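Input: a single structure, listed below in structure tokens.
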Amino acid sequence: MNFGTTEIILIVAVLFLLFGASRLPQLAKSLGQSRKAFKEGMREAEEEEAAERAKLSNAAPPQINQMSDDALAEEMRRRAEAKQS
């Protein structure tokens, strides 16, 4: 999307008519600040996502408990009874 000189002059003239010469610098400054804040937010979101991915990939796999079959069955019975109570 290339703008020629005529199109740019027309756009600037319309902006002068709509906002006036005194408001244009304020408008440009606020647009620049908004763009900067948006880029900063996008960068922070990407950093958070990368940190979360790294955190999940570094998580240790779950450890298998060394309980005997009898102890495991007893624990399951105990929890089932506690749940019913």
Check: the chain dipole with +1 on Lys, Arg Cβ and -1 on Asp, Glu Cβ, in debye
600
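Under the rule of -39500 (n - 2.57) per DSSP H run of 4 or more residues, summed and divided by the residues of the chain, what mean residue ellipticity at 222 nm is obtained, to the nearest 500 deg cm²/dmol?
Numbers: 3 runs with 65 residues, N = 85.
When only DSSP H runs of four or more count, the value is -26500 deg cm²/dmol.
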How large is ³J(HN,Hα), in whole Hz, for each residue of the range 39-44 in order, when computed from phi with the Karplus curve 6.51 cos²θ - 1.76 cosθ + 1.60 and θ = phi - 60°, using x for Gly and Pro?
4, 4, x, 5, 5, 5
Measuring from a point 7 Å past the Cα of Phe19 along Cα-to-C-beta, which residues in the range 27-47 have an amide N at less than 15 Å?
27-36
For the chain, set up a GNM with springs between Cα atoms under 10 Å and report which of Leu18, Leu31, Leu56 has the largest fluctuation.
Leu18
Any number yet on Rg/Rh for the chain, C-alpha, Kirkwood?
1.58
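Efficiency by 1/(1 + (r/R0)^6): what FRET value for Asn2 and Phe38, r their Cβ-Cβ distance, R0 = 30 Å, to the nearest 0.05?
Values: r = 24 Å, r/R0 = 0.81.
With a Förster radius of 30 Å, E is 0.80.
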Work out from phi, with θ = phi - 60° and the Karplus expression 6.51 cos²θ - 1.76 cosθ + 1.60, the ³J(HN,Hα) of each residue of the range 4-15, listed in order in whole Hz, and give x for Gly and Pro.
x, 4, 5, 5, 5, 4, 5, 5, 5, 5, 5, 4
A chain fully extended from Val12 to Glu81 at 0.36 nm per residue, minus the present Cα-Cα distance, gains in nm 17.0 nm
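FYI, it's all coordinate maths here, none of it is from the lab. Remember, predicted model here, so these are calculated numbers, not experimental data. All Cβ positions, glycine included, derive from the backbone under ideal geometry; neighbour counts span all protein chains shown.
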